[in-house]
Each structure stands twice: as C-alpha cells, then as structure tokens.
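The structure appears right after this line, and notes come after that.
Computed from the coordinates by the stated procedures, all read-outs in this text should not be read as laboratory data. Values in this document were obtained by computation on a predicted structure and should not be read as measured data. Counting neighbours? That spans all protein chains shown, and the Cβs are built from the backbone with ideal geometry, glycine included.
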Amino acid sequence: MATRAVRGATQLDEDTREHMLARVAEMVVDVMTSNGLEVDDFISVIFTATSDLVAEFPAYAARQLGFGDVPLLCARELEIERSMPRVIRMMAHVETDLSRADITHVYLHGAAALRTDLTRVRSVPDETSGA
C-alpha cells in the first residue's frame, strides 16, 4: 500500500459556522467517495483557510465525520493579491492502492476554477445561481 496526497478545495458563499461545516464536510466526503477511502486510510489532513474565514476551524467538520484519531491541522492561507476569497483547501495524506495518476482531487463550487488543469475536477453547481 502506498502513501499518497489528495487535494481538495471548496469556496464558501458566506463566513458562517454552519455553512463552513457543511462545505468542509461535503469536500471531505467527496474526497473519500471519489478515492474509495475510509477514515482509517487517512494518515493526516492539513486544512488552510483564507483570512476572510473565521467562523470555525475547518478541522472541526472532519472531527464530526469521525476523524477523532487522525492528526488534523488548520493553517492560514497566504494573502496573495487577486486570490480567490472564502476558500478552504485540504491536503490529506492517505494509505491507498491507487496510483498517483488515479487519485481524484476534488475542487468544489467556485474553487473548481483553481485547478482547471486537472481533468477530473468535479464542479458542484452553485445553489444560489441556479446553475
């Protein structure tokens, strides 16, 4: 079994605790489903948030999903001019039989625009736009 890194990102519509927990949980579950992972496959997860997100720790959403024994870390994303607002990113280290080329990285909502170079990015329609 190999150790692989899996990336994910999501954009929030607003900085509220409930919205953050829902979007982070959606991202984590999508990473798990897309890669056939269970909580026990995770070695560690690093979450970053842009400076405009302060309502909750993103890792708390993972804790609610059963990641109690998985080391989780939250950090602040770099403040780069013209960067996308209200974004939470994750990099998970997992044990998997998938090759690096078969890992599916998950970019949801507006964050899908961050990695258009990945061919298997799955975009979730924005509920507010009706798309």
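Computed over every Cα-Cα pair of the stretch 2-115 and binned at 5 Å starting from 0, the pair-distance distribution P(r) comes out as 2, 13, 25, 26, 18, 11, 4, 1 percent. In order along the stretch 45-59, the Karplus-derived 3J(HN,Hα) couplings, from 6.51 cos²θ - 1.76 cosθ + 1.60 at θ = phi - 60°, round to 9, 10, 10, 10, 9, 5, 5, 8, 10, 9, 6, 6, 6, x, 4 Hz, and Gly and Pro are given as x. Secondary-structure-derived ellipticity at 222 nm for the chain, considering helices only, amounts to -6500 deg cm²/dmol, per-run term -39500 (n - 2.57) for DSSP H runs with n ≥ 4. DSSP assigns beta bridges within the chain; of those with both partners inside it, close to 70 percent run antiparallel. Rounded to whole numbers, the Karplus 3J(HN,Hα) couplings from phi for the stretch 95-108 are 9, 7, 8, 5, 6, 4, 5, 8, 5, 9, 8, 10, 10, 10 Hz, using 6.51 cos²θ - 1.76 cosθ + 1.60 with θ = phi - 60°, and x at Gly and Pro. Amide H contacts for Glu77 (H built 1.01 Å from N in the peptide plane; partners 5 or more residues away or on another chain; cut-off under 5 Å): Ala49, Thr50, Ser51. Note on Ala2 and Val39: with the Förster distance fixed at 25 Å, the Cβ-Cβ geometry gives a FRET efficiency of about 0.85. Amide hydrogen proximity for Ile43: with H placed 1.01 Å from N in the peptide plane, the residues at 5 or more positions away or on another chain lying under 5 Å are His93, Val94, Glu95. If I build a Gaussian network model for the chain, linking alpha-carbon pairs within less than 10 angstrom, which residue out of Met32, Met84, Met20 has the largest mean-square fluctuation? For the chain, modelled as a Gaussian network with Cα springs under 10 Å, the answer is Met84.
Against the chain, whose longest principal axis is taken from its Cα atoms, helix 17-35 shows a tilt of about 30°.
GNM on the chain, alpha-carbon springs under 10 angstrom: the most fluctuating residue among Pro71, Pro85, Pro58 is Pro71. Measuring nothing but how far apart in sequence close Cα pairs (under 8 Å, 6+ apart) lie, relative to its length, the chain scores a relative contact order of 38 percent.
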